[in-house]
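Beneath this line is the structure, given in structure tokens, with notes to follow.
The values are calculated or read from the model by the stated rules, or taken from the named source; none is laboratory data. Quick caveat: nothing in here was measured; it's all calculated off a predicted structure. Ideal geometry is used to build each Cβ from the backbone, glycine not excepted, and the neighbour counts take in all protein chains shown.
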Amino acid sequence: MLPSLSRRALFLFDPETAHRLSILALKTRLIAPERREDARLRMTVAGLDFPNPLGMAAGFDKNAEVPDPLLALGFGFVEVGSLTPHPQEGNPKPRIFRLENDRAVINRLGFNNDGHDAAMARLSARTGRPGIVGVNIGANKDSVDRTADYAEGIRRFHSVASYFTVNISSPNTHGLRNLQARDSLRDLLSKVFAARGKLANGASAIPVFLKIAPDLGEADLDDIAEEVAQHPLDGLVVSNTTLSRTGLRADPHETGGLSGTPLFERSTIVLAKMRQRVGSRLALIGVGGVDSAETMLAKIEAGADLVQMYTGLIYGGPGLPGRILDGVAQHLDRQGIASIAALRDRRTAEWAARPLPA
């Protein structure tokens, strides 16, 4: 991410140090490519007007330190977090591992963050600035009531969040993914929307998305779709990192969630299967293995309204969002397409027909 160093030089640092250097570079505006605007890329999703459908996924800006510099890279929106009510260190180091030959990363961070208060102070300071900034909320690992932590996240950030993502799919907090089970999910969503309802005061409600794992079976997807239909959820984020090691050239035998290129196929299949289950109304954000115009377009054709990336930026550098958007614009030129929204669902049936990888 540092313009004065090649990627290889930056990779001489351990991953967490390199990440911190990236945050510092963004803070000091050492990285500030011009933002690209193209009316054909504008999207209205969940009542929000996005300048383009490419977003920065949660995990990069965990503590809401650099949402505006990230928007300046060309992203149409940025998601900060995951944020927990209380600060926590996360899991022991080392906990991030680059798989350069696979253009992938394994992490077992465990919701390390500065907590609600620190992030709220930063987000409050940017009040009035343009740009869509979502808040990804999580639960402390030692919480006695994790569902209450999510409701607290809604209350805490309601005045500053463009949207919320309820993250119950990280594999790095013990037992968290159990909240995807239908009874647990029902209880969680009931509390989240009860908290949101008390804060709306007649105004438009802040959109809420649910982030799910890619390691779900067909029956699990059925349960989630059926439960989601019972609540005023605005959309799903598909998906988080995977525990699978399918597709790796060599398994490093490190625990944690895998992201990057090897996740693309699995996450896109789950995305398409969920689109078929939830129908056309619910918004879907496609995440996993996005690192080019081609992979972004594939997500949209599989059923995504919006797309997010993170690991691709590690390997592609700060100019990657602009290159992706330029590539998408060129595709629209070649096809004579007036709006990127016209591409959604073109290949949903094809992707959904594929079996989930082992």
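Only residues that are free of Cβ contacts under 8 Å to residues at least 40 places away in the same chain and assigned to a loop (DSSP other than H, G, I, E, B): list them for the stretch 261-289, please.
Within the stretch 261-289, 279, 281, 289 qualify.
Consider residue 96 against the criteria (1) more than 17 Å from the chain's Cα centre (by Cα); (2) more than 22 Å from residue 13 (Cα to Cα): it satisfies all of them except one. Which criterion is unmet?
It is condition (2) that residue 96 fails.
Going by the structure shown, is residue 199 among the hydrophobic types (A, V, I, L, M, F, W, C), surrounded by fewer than 23 Cβ atoms within 10 Å (Cβ to Cβ), outside any loop (DSSP other than H, G, I, E, B) and at pLDDT 95 or above?
no
Within the stretch 113-162, count every residue that is touching a residue at least 12 places away in the same chain (Cβ under 8 Å) and not in a loop (DSSP other than H, G, I, E, B).
Residues that pass the stated criteria total 26.
Inside the stretch 208-255, can you point out the residues that are under 23 Å from residue 92 (Cα atoms) and surrounded by fewer than 21 Cβ atoms within 10 Å (Cβ to Cβ)?
Selection gives 243, 244, 245, 251, 252, 253, 254, 255.
Hey, among 109, 54, 71, which residue is in contact with a Gly (Cβ under 6 Å, 6 or more places away or on another chain) and buried (at least 24 other Cβ atoms within 10 Å of the Cβ)?
54
Among the residues of the stretch 277-291, how many are crowded, with 18+ Cβ neighbours inside 10 Å and either at pLDDT below 95 or more than 13 Å from the chain's Cα centre (by Cα) (or both)?
5
Kindly list the number of the only condition in (1) of a type in the set (Val, Ile, Thr); (2) touching a helix residue (DSSP H, G or I) at 6+ places or on another chain (Cβ under 6 Å); (3) under 26 Å from residue 67 (Cα atoms); (4) not in a loop (DSSP other than H, G, I, E, B) that fails for residue 165.
(2)
Determine the pairs where a residue that is over 19 Å from residue 167 (Cα atoms) and touching a residue at least 24 places away in the same chain (Cβ under 8 Å), located within the stretch 202-222, has a partner that is part of a loop (DSSP other than H, G, I, E, B) and not basic (Lys, Arg) with Cβ atoms under 7 Å apart, the partner being 6 or more residues away or on another chain.
Close Cβ pairs satisfying both conditions: 204/47.
Out of all the residues in the stretch 290-309, which are in contact with a strand residue (DSSP E or B) (Cβ under 8 Å, 6 or more places away or on another chain) and assigned to a loop (DSSP other than H, G, I, E, B)?
290, 291, 303, 304, 305 - these are the residues of the stretch 290-309 that are in contact with a strand residue (DSSP E or B) (Cβ under 8 Å, 6 or more places away or on another chain) and assigned to a loop (DSSP other than H, G, I, E, B).
Any chance the stretch 176-187 includes a residue that's modelled with pLDDT of 90 or more, under 30 Å from residue 130 (Cα atoms) and part of a loop (DSSP other than H, G, I, E, B)?
no
So which residues in the stretch 151-168 are surrounded by fewer than 24 Cβ atoms within 10 Å (Cβ to Cβ) and closer than 21 Å to residue 284 by Cα, if there are any at all?
Across the stretch 151-168, the qualifying residues are 162, 163.
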